[in-house]
Every structure is written in structure tokens, then in C-alpha cells.
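Reviewing the structure listed below.
The values are calculated or read from the model by the stated rules, or taken from the named source; none is laboratory data. Predicted, not measured: the structure shown is a model, and the values here were computed from it. Cβ: placed from backbone, ideal geometry, glycine included. Neighbour counts: every protein chain shown. Surface areas here come from the heavy atoms of the whole protein model, side chains and all, with no ligands, DNA or RNA. Shrake-Rupley method; radii C 1.70, N 1.55, O 1.52, S 1.80 Å.
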Amino acid sequence: MCTINVLEGVVWLMRMARQVVLITGTPCVGKTSVARLLSERLNALHVNLTELAMRENLVLGRDEKRDTVVVDERRMKKVISRIVEGSEQTVIVDGHYAASVVPKKLATHVFVLRRNPVELRGFMEKAGFVGNKLWENLAAEILDVCLVEALRVYGSEKVCEIDVSGKSVNDVVTEIIEVLNGSRKCYVGVVDWLGKLEREGLLEEYLRI
Ligand SMILES: Nc1ncnc2c1ncn2[C@@H]1O[C@H](COP(=O)(O)OP(=O)(O)O)[C@@H](O)[C@H]1O
Ligand SMILES: [Mg+2]
């Protein structure tokens, strides 16, 4: 009995050991806030892709039209692989293009954070998003762009969608930890922003491009 318990413990530890967790989603959805607290709670290494790109000089230039930087994804993939393979801790990778730069074989879980576009717009405006950049990113949230990319790269077994609307960072982190330790099931297809905005008569206002 005791042996079985020890064995179960070892298996649990191995399952928990060195997870590579991606936190993706539209800008301003709350990725960095969640990844920060999650890495504190798990004593994990937090890799923020925006900071990594700056620190490792992985920026190719600027996309003036989109008011954003263009990252060298090929080099970033190599840098991420080196970090993940060299870490003994669980690694939390946070960034809206995480699914494009973390090789499929390395990721153990991919969380796509989703936020009600009406709420997200408030967060984006607070962060200074205006004009095209605001509407393009809202359209990306409404049209499930990050979810579709995550599913394309990793398949539905590794992808978990979390509706963070109205939830605290702490609540979201608790939900993620429950999925990681196997006590909560995760799902995709949990939100339908198109349908919701349409029912509320807000679709034209929110989906401008
Ligand atoms: N659950 C939350 N509740 C309230 N405010 C939040 C929550 N998550 C993030 N924020 C705030 O929203 C803004 C964007 O969050 P951030 O974590 O930087 O998003 P992202 O990394 O996805 O761009 C920040 O000002 C942050 O403090
Ligand atoms: Mg961020």
C-alpha cells in the first residue's frame, strides 16, 4: 500500500515536473498578469515574449501600419528551445504569438485567455490602444484568432480556453493550476463573441474590419 502511494507520488511529481505552459490570447486580455502570478505560485520560470525579444535583440523592425514590432520568429524559436530545454523548472511562456514560436513537441499545455470584447475594449483603451490597432485587436478576439492558431499548431488535446471575463487574476490562476494538476477538465469552444455581440446589437460597432 505504502509502495503504491510512493509510486503514485513519483508519477504525480513526474507529471507535474517541468511542464511547459503557454499563455496566449489577444493583447490586453491579461496574459502577463496571469503568467506572473502563476509562475510565482508554481515557482516556475516566466518567459515574457515581448521582453525576450528586446533582451535577445530578436526584433527585425517596426510595422508602422500596425504600430507594433516585427519579431524574428525563426531565431526566437531557437532561443525559446534553448531556454525550455535548459530549465529544470516549469516554464510559463506568455505572449500573443506564443503558439507560433514554441515548438509543438515542447509545449505541455496551451491556455488561450478570452475576454468579452466589451470588457476588453475598456482594458485596451486604458492601455492606450486607439484607431486601427484597437479595432484590429478586437476583431482578432471576436474571430478567435489566437484560439485558431493554438489549435492549428498543438491540436485540441493540449489547448484549453479560459473565459477570464469578470474574473480576478487570482481566480484565473487557480483555474489554470487545477487544470495542470488534473483536477479540472479543460475545454475549447467556451465563448461565442460573434453570437453574443449580435444578440446584444453590438456587432457592427465592434467588428469594424
Ligand atoms: N483579471 C483582471 N482584472 C482586472 N484587471 C486586469 C486583469 N488582468 C489584467 N488586468 C489589467 O489589464 C491590463 C492588461 O493586462 P496584461 O496582463 O498586461 O495583459 P496582456 O499581457 O494580455 O497584454 C493591465 O493593466 C492589468 O493590470
Ligand atoms: Mg503582456
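Probe radius 1.4 Å, ligands and nucleic acids ignored: give me the carbon and sulfur share of the accessible area of the chain as a rounded percent.
Carbon-and-sulfur percentage of accessible area, whole number: 53.
Is the shape of the chain rounded, prolate or oblate, going by the alpha carbon gyration tensor and its root eigenvalues a ≥ b ≥ c, with a/c under 1.5 for rounded and a/b larger than b/c for prolate?
Oblate is the answer for the chain, as a/c is 1.5 or above yet b/c matches or exceeds a/b.
What FRET efficiency comes out for the pair Val70/Ser183, r = Cβ-Cβ distance, R0 = 35 Å, nearest 0.05?
0.30
Once you've got the GNM for the chain with C-alpha springs shorter than 10 Å, pick whichever of Asn181, Asn48, Asn137 has the biggest mean-square fluctuation.
Asn181
Which angle between 0 and 90 degrees, to the nearest 10, do you get for helix 117-126 versus the longest principal axis of the chain when only C-alpha atoms count?
Between the helix axis and the principal axis of the chain, the angle is about 80 degrees.
Please compute the modelled spin-label separation between Arg152 and Val59, points set 7 Å along Cα→Cβ, answer in nm with one decimal.
Those two pseudo-labels are separated by 2.6 nm.
Could you identify which residue out of Pro103, Pro117, Pro27 has the top mean-square fluctuation in a GNM of the chain using Cα springs shorter than 10 Å?
The residue with the greatest mean-square fluctuation here is Pro103.
Rounded to the nearest 500, what is the 222 nm mean residue ellipticity of the chain from helices alone, with -39500 (n - 2.57) per DSSP H run of 4+ residues and division by all residues?
Per the formula, -15000 deg cm²/dmol.
Using alpha-carbon positions, what is the distance between the centroids of region 81-154 and region 161-209, in Å?
Each part reduced to its Cα centre gives a spacing of 13 Å.
Would you mind telling me which residue in Val47, Val148, Val84 has the biggest mean-square fluctuation in a Gaussian network model of the chain, where springs connect alpha carbons within a distance under 10 angstrom?
Val148
What is the helix-to-structure angle for 73-86, meaning the angle in degrees between its Cα long axis and the longest Cα principal axis of the chain, kept from 0 to 90 and rounded to the nearest 10?
30
Can you list which of the chymotrypsin sites (Phe, Trp or Tyr not before Pro) found in region 129-209 are DSSP loop residues with at most 13 other C-beta atoms within 10 Å?
Of the chymotrypsin sites (Phe, Trp or Tyr not before Pro), the ones in loops of region 129-209 whose Cβ has at most 13 other Cβ atoms within 10 Å are Tyr187.
Stretched out fully, how many nm does the piece from Phe123 to Arg82 gain, at 0.36 nm a residue minus the Cα gap?
11.4 nm
Need one number: % antiparallel among DSSP beta bridges in the chain, to the nearest 5.
Of all bridge pairs located within the chain, approximately 20 percent are antiparallel.
What angle, in degrees between 0 and 90 and rounded to the nearest 10, separates the Cα long axis of helix 169-180 from the longest principal axis of the Cα atoms of the chain?
Computed tilt is about 50 degrees.
Could you compute the net charge surrounding Glu56? Neighbours are other residues with a C-beta less than 15 Å from the C-beta of Glu56; K and R count +1, D and E count -1.
Counting the neighbours of Glu56, the net charge comes to +3.
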